[in-house]
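What follows is a short report on a single structure.
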Amino acid sequence: MDNLKIIELLEESLRKYSLSTAIKYKDQQYSYQKLHDEIEALSSLIEQLPIKLDYPVGLFFKNCPEFIISYYSLIKSGIIAMLVDHSLKGDELLAIVNDCHLGGFLMHKDEADTFALKDQFDVVINYRNYVLVYSERQNYNRPIDRERLKGIISCRFSSGTTGVPKCMMYQQENVIAAATNWRSTVGLNAEDKVLCIANYTHGLAFNTAMLSPLSVGAEIHMMDSLMPRQVAKYIEKEKITVLVAFPVFYQLMSEERLKDKYDLTSLRMCVSSGTVLHSEIKQKFKENIGIYISDLYGIAETGLCILNTTENIETVGKAINGVEAAIMDDDGKRMPCGEQGQIAIKSGAMSRGYYNFPGLLEGRVTEDGFYLSGDIAVMDENGFVFVKGRKQDFIDVAGKKVDPKEIEEVLLKNEVIADVAVFGKKSVKTKLEVLCAAIVSDKKLTRADIIEYVQPRLASYKIPQEIVFMDSLPRNSSGKVLRIELIKMLEEVDRLSTAEVGR
């Protein structure tokens, strides 16, 4: 495919920084020249295959250089790259294949033997560290909508309300806008070294730690360890300047006084996203690490939106460059300063819509192009946004949106479970939101029984961290679970337990 600006941006970095490091991972090091050569080689192979890849291809990788190479190679070859969460299990992957018309998957050779859908595809192609599985005869739920996919170069997935993730479509201008907005806001440059702990299929990592660094000649660093001391040791060794991670990692890191053991002064920015960090964690991180965490508010559908680079730990900050933020009522009318309403975002990075749910995203966009997020907030006279709550039912778990209905449906397929409610509640220990399941059963079940049942059926981040067994769930006259009352009941149990321990 010719004249792709996203490829041209990478080639511009090649011209300026050909010998500079682009990616570091374990003992692998890629210069911009080597990265370019690898992309050229893989895209050439794809274009010369004996079969035509005329359906989207899913990228199924852990964080590794091959993910980045595969992404650019598919796009260069004119194939839609769908970024698929590596933690998804067989049934979840099959739902995406059938609902979003994936023709196959590209993955690391080390993952091929354990890939859950390996028997679903009749074509297997091995090349260096890559394995492509593909089928020209997929039995999809409905015919592919090629008109809807015109101009789309890549897709990511957001939580769905029917057990099937929503497939967010992006044209190249959306992808470029996301990278440009971020790099111009934080002043990303060729001297930066960016370490990202989040998975690159997530918008946070994709936009802050892949496209943006590569467009300015910066270094991308990847590592497998999530142990705070190992990460701190790596930061000291490589002189990392920007760290990107989810709140749960910062919570772990804040518990150790690492600045006394490691030289972390190279860090100029620590970015957190997924859910708003508790003020106690932010303060403890500053004391133990020596730098404030910058909260980044993002929405899957609109990309990176609002960033806090101040020392005010109560706000999520102001709109980043290229993004307009407002507070609106449900009808899209702007609210005065200090009054609550929905956070509304207008950005060139916004998704073109959900491929498998036509009209759903568009229905949340106002006439003047603002996406209504469902998150409740106020804005002060200086443009700072203060999040007050969430209108939607999705739960933030380790930076990912989880639909409780999906988990409830899986649990209710177990014949010994009579009733269930899944919800998010604050952990007494970490102050972060955790996934909780309240279960009613005539049988004497244990937490281990529930975990054993859901593990093969759900991605690990969708497995409830807290499980409680109850005689019945509080419901109103129409049968709806009273979640607020349920959460209050369990929080009171937590409070009494904590008080008992403290005696």
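Could you say whether any residue in region 111-133 is within 21 Å of Ile39 (Cα to Cα) and either in a helix (DSSP H, G or I) or outside the structural domain of Glu66 (by TED's automatic domain parsing) (or both)?
yes
Find the residue count for region 43-73, including only residues that are within 26 Å of the chain's Cα centre (by Cα), in contact (Cβ under 8 Å) with a residue 40 or more places away in the chain and surrounded by 21 or more Cβ atoms within 10 Å (Cβ to Cβ).
Qualifying residue count for the region: 15.
Working only within region 125-143, note down all residues that are touching a helix residue (DSSP H, G or I) at 6+ places or on another chain (Cβ under 9 Å) and modelled with pLDDT under 95.
Of everything in region 125-143, those that are touching a helix residue (DSSP H, G or I) at 6+ places or on another chain (Cβ under 9 Å) and modelled with pLDDT under 95 turn out to be Ser135, Gln138, Asn139, Tyr140, Asn141, Arg142.
Of the numbered conditions (1) surrounded by 16 or more Cβ atoms within 10 Å (Cβ to Cβ); (2) part of a loop (DSSP other than H, G, I, E, B), Glu147 fails exactly one; give the number of that condition.
Failing condition for Glu147: (1).
Considering each of Ile23, Ile39, Ile51 in turn, give the residue that is touching a His at 6+ places or on another chain (Cβ under 9 Å) and over 30 Å from Val402 (Cβ atoms).
Ile23
Out of the residues in region 195-218 that are more than 17 Å from the chain's Cα centre (by Cα) and closer than 19 Å to Lys239 by Cα, state the one that is surrounded by the fewest Cβ atoms within 10 Å (Cβ to Cβ).
The qualifying residue surrounded by the fewest Cβ atoms within 10 Å (Cβ to Cβ) is Val216.
What pairs come up if the first residue lies in region 448-468 and is assigned by TED's automatic domain parsing to the domain that holds Phe423, the second is of a type in the set (Lys, Arg) and assigned to a helix (DSSP H, G or I), and their beta carbons are under 7 Å apart, counting only those six or more places apart or on different chains?
Ile467/Arg447
If you go through region 230-263 one residue at a time, how many are touching an Asp or Glu at 6+ places or on another chain (Cβ under 7 Å) and surrounded by fewer than 21 Cβ atoms within 10 Å (Cβ to Cβ)?
Within region 230-263, residues that are touching an Asp or Glu at 6+ places or on another chain (Cβ under 7 Å) and surrounded by fewer than 21 Cβ atoms within 10 Å (Cβ to Cβ) number 4.
Any residue that is within 22 Å of His86 (Cβ to Cβ), polar (S, T, N, Q), in a helix (DSSP H, G or I) and at pLDDT 95 or above - is there at least one of those in region 230-248?
Yes, because at least one residue in region 230-248 is within 22 Å of His86 (Cβ to Cβ), polar (S, T, N, Q), in a helix (DSSP H, G or I) and at pLDDT 95 or above.
If Ile327 meets every condition in (1) under 26 Å from Ala205 (Cβ atoms); (2) in a strand (DSSP E or B) apart from one, which number is that one?
All conditions pass for Ile327, except number (1).
Could you please find all residues in region 145-186 being at pLDDT 95 or above and of a type in the set (A, V, I, L, M)?
Leu149, Ile152, Ile153, Met168, Met169, Val175, Ile176, Ala177, Ala178, Ala179, Val186
Only one of (1) within 30 Å of Val164 (Cα to Cα); (2) surrounded by fewer than 19 Cβ atoms within 10 Å (Cβ to Cβ) is not met by Ile345, so which one is it?
Against the list (1) within 30 Å of Val164 (Cα to Cα); (2) surrounded by fewer than 19 Cβ atoms within 10 Å (Cβ to Cβ), Ile345 comes up short only on (2).
Could you please tell me which pairs satisfy a Cβ distance under 6 Å, a separation of 6+ or placement on different chains, a first residue in region 266-280 that is of a type outside the set (A, V, I, L, M), and a second residue that is surrounded by 22 or more Cβ atoms within 10 Å (Cβ to Cβ) and part of a helix (DSSP H, G or I)?
Ser272/Pro247; Ser272/Tyr250; Ser273/Leu204; Gly274/Pro247; Thr275/Pro247
Please enumerate the residues belonging to region 1-40 that are touching a residue at least 24 places away in the same chain (Cβ under 8 Å) and of a type in the set (Gly, Ala, Ser).
Selection gives Ser13, Ser20, Ala22.
Test Val385 against the stated conditions and say whether it is touching a residue at least 60 places away in the same chain (Cβ under 8 Å), buried (at least 17 other Cβ atoms within 10 Å of the Cβ) and within 29 Å of Thr430 (Cβ to Cβ).
So Val385 passes the test.
I'd like to know if region 94-104 contains one or more residues that are under 26 Å from Leu226 (Cα atoms), touching an Asp or Glu at 6+ places or on another chain (Cβ under 8 Å) and outside any helix (DSSP H, G or I). Steps first, please.
Going through region 94-104, the residues under 26 Å from Leu226 (Cα atoms) turn out to be none.
Checked against the condition, which is being under 26 Å from Leu226 (Cα atoms), touching an Asp or Glu at 6+ places or on another chain (Cβ under 8 Å) and outside any helix (DSSP H, G or I), region 94-104 yields no hits at all.
Which of the residues spanning region 280-307 are in a helix (DSSP H, G or I), touching a Lys or Arg at 6+ places or on another chain (Cβ under 9 Å) and either surrounded by fewer than 24 Cβ atoms within 10 Å (Cβ to Cβ) or small (Gly, Ala, Ser) (or both)?
Glu280, Ile281, Glu287, Asn288
The values are calculated or read from the model by the stated rules, or taken from the named source; none is laboratory data. What you see is a predicted model, and the numbers here were worked out from it, not measured in a lab. Glycine gets a Cβ as well: all are built from the backbone with ideal geometry, and neighbour counts include every protein chain shown.
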